[in-house]
1. Does LYS30 satisfy the condition of being farther than 29 Å from ASN173 by Cβ, out of contact with any strand residue (DSSP E or B) (no Cβ under 8 Å at 6 or more places or on another chain), at pLDDT 85 or above and open to solvent by 60 Å² or more (accessible area, probe 1.4 Å)?
2. Only one of (1) at positive phi; (2) surrounded by 14 or more Cβ atoms within 10 Å (Cβ to Cβ); (3) among the hydroxyl-bearing types (Ser, Thr, Tyr) fails for THR98. Which number is that?
3. Would you confirm, using the coordinates I've provided, whether LYS58 is exposed (fewer than 15 other Cβ atoms within 10 Å of the Cβ), assigned to a helix (DSSP H, G or I) and modelled with pLDDT under 95?
4. Can you pull out every residue in region 129-141 that is under 30 Å from MET178 (Cβ atoms) and in contact with a Ser or Thr (Cβ under 9 Å, 6 or more places away or on another chain)?
5. Take the residues of region 113-134 that are under 22 Å from the mean Cα position of the chain (by Cα) and in a loop (DSSP other than H, G, I, E, B): which is farthest from SER206 (Cα to Cα)?
6. Filter region 150-204 down to the residues that are touching a residue at least 60 places away in the same chain (Cβ under 8 Å) and acidic (Asp, Glu), then identify the one that is farthest from GLU53 (Cα to Cα).
7. One residue is enough: does region 89-107 have a residue meeting the conditions over 16 Å from the mean Cα position of the chain (by Cα) and in a strand (DSSP E or B)?
8. Would you point out which residue out of GLU85, GLU11, GLU53 is more than 23 Å from SER206 (Cβ to Cβ) and not in a loop (DSSP other than H, G, I, E, B)?
Amino acid sequence: LLGQEQVKAIEECLTEDFDSLNPIPIEIVKEEEILCFDGIVHRNSEIVIVELEARQFKPAKDFFDFYKLVKSPIDKLKNTNTLDELCQAIVREVKQITQFDRVMVYRFNSEDAGTVIAEAANEGLEPYLGLNYPATDIPRQARHLFRSKHLRLIPDVAYEPVGITPELNPLTNELLDMSLTVLRSVSPFHIEYLDNMGVGATLVISLVKNKKLWGLISCHHSIPKTIHYEIRTV
């Protein structure tokens, strides 16, 4: 599928820090068409997982573009004095970077119920600021994943899940642990929940304090929306 040259490029990554190498440009020839992907590599125990994300275009980003994208938000966060100011700066900056319709900060209480404490949203959208959500809105399994994987993207809520082939890993004879993968499917109950809210895409970033889930930065968009690896890194 990948060819020897691209396999060698991935093998060379295994001795280095993946974060400094991702994404790896991958090209696959299908009939007479060249399909371009970002190869995102991570390790889960003894298994190395390569995820291929379709790339429609290659943004001309270099270190200085990345630096500018990061420096301005960090400066604005540093200039806040209270938690409310900090969270309000977060939602404004994340919205500016991602261009989602709505960005919120949820804070969890001691019983895991959540409150929206900051929001930046397009004009005309019903405000969610101040709304409370029961702990059952985010099941225990989901909370565990948010603690271990700090970013979760659903680019199209109306996606159709596709099974892993083969279902069992031939090396371990076990199901693949996809906890840290970006492209894994999500609970159909969560999809129904988002669909009922009229949400077409989401991006969720974990806020972890003392190894506990303190809250979430939750981004909603009315239509499908892809966020490429570079912007997710920012």
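1. When the stated conditions are applied, LYS30 passes them.
2. Condition (1) is where THR98 drops out.
3. Taking the combined requirement at face value, the residue does not satisfy it.
4. Correct list: TYR133, PRO139, GLN141.
5. Ranking the qualifying residues of region 113-134, first place goes to ASN122.
6. ASP177
7. yes
8. Working: GLU85 fails: more than 23 Å from SER206 (Cβ to Cβ); GLU53 fails: more than 23 Å from SER206 (Cβ to Cβ).
None of the other options fit; the residue is GLU11.
The values are calculated or read from the model by the stated rules, or taken from the named source; none is laboratory data. None of these values were measured; they are calculated from a predicted model. Here the Cβ is made from the backbone with ideal geometry for all residues, glycine too, and neighbour counts use every protein chain on show. For the accessible areas, the whole protein counts, side chains as well, though only heavy atoms, and no ligand, DNA or RNA atoms are used. Shrake-Rupley method; radii C 1.70, N 1.55, O 1.52, S 1.80 Å.
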